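The values are calculated or read from the model by the stated rules, or taken from the named source; none is laboratory data. Small disclaimer: the values here were computed from a predicted structure and weren't measured. Here the Cβ positions follow ideal geometry from the backbone for every residue, glycine too, while neighbour counts run over all protein chains shown. All accessible areas refer to the heavy atoms of the entire protein, side chains included, with ligands and DNA or RNA removed. Shrake-Rupley method; radii C 1.70, N 1.55, O 1.52, S 1.80 Å.
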Amino acid sequence: MKQKKLKTLKPTLREKERYVAFQVISEEGEEFNYSDLEAAIWNTMLDFLGEEGVSKTSVWLMKDCWDPKTQKGILRCNNKSVQEVIASLGLIDRLGDNRITFKILRLSGTIKSIREKL
Amino acid sequence: MNFYDFHVHSEFSEGESTIEEIANRAKLLGYKGICFTTYLDDKNKIKKTKEIVSKLSKQIGIEIFIGFEARNMSELDKLIRFRREYDVLLVKGSDLLLNRKAVETKEVDILTHPEYNRRDSGFNHVMAQLATENNVAIEINFREILNSSKNTRANIMHKIKTNVEICKKYKVPVIICSGSVTHWQLKDPKILISMGCLLGLELKEAKKTISEIPENIIKMIKERQDEKWIRPGVKVV
């Protein structure tokens, strides 16, 4: 049986979103997959902001926007917690045994515009 | 907007990465200039650093400055004596007397992490007034936060927040630096701005800490290296 879809909220009641485009800079030849990166981001954010803090950010690493070749991806969060999310990215310096750093490419309010300019 | 990082250690001081690696990474992350910080140990090392820096600066297309970090009173006195020969004078915070001496000295540009290895924040309202008078910037060191975790990180962030609050009240210039010892610890300017916001600065103020305040220091460097300059506040007209 098909599950009933929730009625869409009014624009004024919806959460305002922000999209953060980033690039992972790593040692030459290293490629990371989505799940590795997702785990690293979640662990660091939970450590730094705590469970309650993360719940306020509505953070989500978008799976279809992660490109393992260019190592570029997009993070979604709400407009009130952009600084917390970006600062947390700065605290990730290792992914497994590899040293990494994040370059913030762009910040946008719509997924369309960030995809066009990436 | 031009971004600067004024506290970076290379292999010539306590760092691990070469000057070239760090300069390339800084360029990639979008910095306009960086300052390599060394200690007053060996004068031959300093000459070598200067040679490499002047070559690389043109090659990579990034402004590179040389700074000295004084670790104690005697080093600070020595460094003040030949102040015109290098660009930036930093004082390694932690000792209360040294912190006080740093904010009292006009030749000093930056007091780095005054709360380092201390139970208190190492900075108070009296020092804040002196820092404003003498135009000494107080540093927020990102490496301190990056290299700590759990309760240590929470304590460090609390002390920095206290210092930021005092600085805001007394209009002391605040500067955010990565304090990196490898090129992997060099962070994107937007990350430093965000951390500044989390530590109690407004977005505008946080942007100033890595653009306008370093630019003011660069202005002072150029003034100081001018032939007409004699000492702080005195020059030939």
Just check chain B against the gyration tensor rule for me: Cα atoms, a ≥ b ≥ c as the square roots of the eigenvalues, rounded for a/c under 1.5, and otherwise prolate or oblate depending on whether a/b exceeds b/c.
rounded
Please compute the contact order of chain B in relative form: average sequence separation of alpha-carbon pairs under 8 Å and at least six residues apart, divided by the residue count, as a percent.
19
Of B:K47, A:K80, which has the most accessible area and how do the rest follow, probe 1.4 Å?
A:K80, B:K47
In the full protein assembly as shown, how much of A:T44 is accessible to a 1.4 Å probe, in Å² to the nearest 10?
30
So what J values fall out for the stretch B:139-150 if you push phi through Karplus, 6.51 cos²θ - 1.76 cosθ + 1.60 with θ = phi - 60°, rounded to Hz, Gly and Pro as x?
8, 9, 9, 5, 4, 4, 6, 5, 7, 9, 8, 6
In whole Hz and in residue order, list the ³J(HN,Hα) couplings for the stretch B:206-221 that follow from phi through the Karplus curve 6.51 cos²θ - 1.76 cosθ + 1.60, θ = phi - 60°; x for Gly and Pro.
5, 5, 4, 4, 10, 10, 6, 5, x, 5, 4, 5, 5, 4, 4, 4
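Which value, to two decimals, describes the C-alpha radius of gyration of the stretch B:184-237 once divided by 2.2 N^0.38 Å?
Rounded to two decimals, the normalised Rg is 1.59.
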The stretch B:1-120: relative contact order as a whole-number percent, Cα under 8 Å and 6+ apart
19
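For chain A, what relative contact order do you get, as a whole percent, if you take Cα pairs closer than 8 Å and at least 6 residues apart?
40
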Where does each of A:S35, B:S94 land when they are ordered by accessible area, with a 1.4 Å probe and the largest first?
A:S35, B:S94
Backbone N within the stretch B:87-122 under 13 Å of label point (7 Å from B:E223 Cα along the Cβ vector):
B:106-109
May I ask you to evaluate 6.51 cos²θ - 1.76 cosθ + 1.60, the Karplus curve with θ = phi - 60°, for each residue of the stretch B:104-109 and list the ³J(HN,Hα) values in order in whole Hz, giving x for glycine and proline?
7, 9, 5, 6, 7, 9
